[in-house]
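As structure tokens, the structure follows; a few thoughts come after it.
The values are calculated or read from the model by the stated rules, or taken from the named source; none is laboratory data. Just so it is clear, the model here is predicted, and its values are computed rather than measured. Note that each Cβ is placed from the backbone with ideal geometry, even for glycine, and that neighbours are counted across all protein chains shown. For accessibility, only protein heavy atoms count, side chains too; no ligands or nucleic acids. Shrake-Rupley method; radii C 1.70, N 1.55, O 1.52, S 1.80 Å.
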Amino acid sequence: YVIGGYRQSGLSVWHPVATVYAYDPDTDTWEERAPMPTARGALSVTEHDGKLYAIGGYDRTANSAAVEVYDPVRNLWTSRAPLPTPRDHLATATLFGKVYAIGGRVNGDYRRNLSVTEVYDPVTDQWKRAADLPTARSGITAAVVGGRVYVFGGEGGAGTFRDNEAYDPARDAWQAMAPMPTARHGLGS
């Protein structure tokens, strides 16, 4: 599934869209699905219980607090409790039934990075604050391995980051890990 993002519009490449496409590797074809309720780019998406959580982003005028959940079986979107700290270029991950929204930036400005970590409980539809990411950054990626959320790379006013920091939900604590061999942002994991 490819959800939201930016497309070129005239001379601007920053026109947010709400389109959703599903790719079928067996037939090598794309199918357009129900559009996301809120058009935005620089959002993050994570999966929980077969549903896709589209979180945050930027609509070219302001950050979005939208949390919209897509059910691919029913081809239906529902809105959930808004993200307490609206932001773009954040990372999300799902671990032990909770959804984590990590880092990001304010209104597309990488000189205004955030270290905020917030945890969403899909059962109660509530967010709560967790320990801050040690290094405020955006344009990051996150991955779950061995009961921890790892956050890699990013960018800021001083350039790109090599940082690799791991969050342990049992301790509500971050730990600096071995940095990446090369600094980078806008990466995937």
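Remarks
- Note on segment 134-185 and segment 1-28: Cα centroid distance 27 Å, given to the nearest whole angstrom.
- Built amide H within the under 5 Å cut-off of Thr160, gap 5+: none
- When the chymotrypsin sites (Phe, Trp or Tyr not before Pro) in segment 1-103 are filtered for DSSP coil states and for at most 14 other beta-carbon atoms within 10 Å of their beta-carbon, the remaining sites are Tyr1, Phe96.
- Dividing the alpha-carbon radius of gyration of segment 61-126 by the rule-of-thumb value 2.2 N^0.38 Å gives 1.18.
- For the chain, the relative contact order is 12 percent, taking Cα pairs closer than 8 Å that sit 6 or more residues apart in sequence and dividing their mean separation by the residue count.
- Only protein atoms count toward the accessible area here, which uses a 1.4 Å probe; on the chain, the carbon and sulfur part of that area reaches 51 percent.
- With eigenvalues of the C-alpha gyration tensor scaled by 5 and rooted, segment 82-189, Å: 21, 17, 10
- Projected onto their three principal axes, the Cα atoms of segment 22-167 cover extents of 43, 33, 31 Å, largest first.
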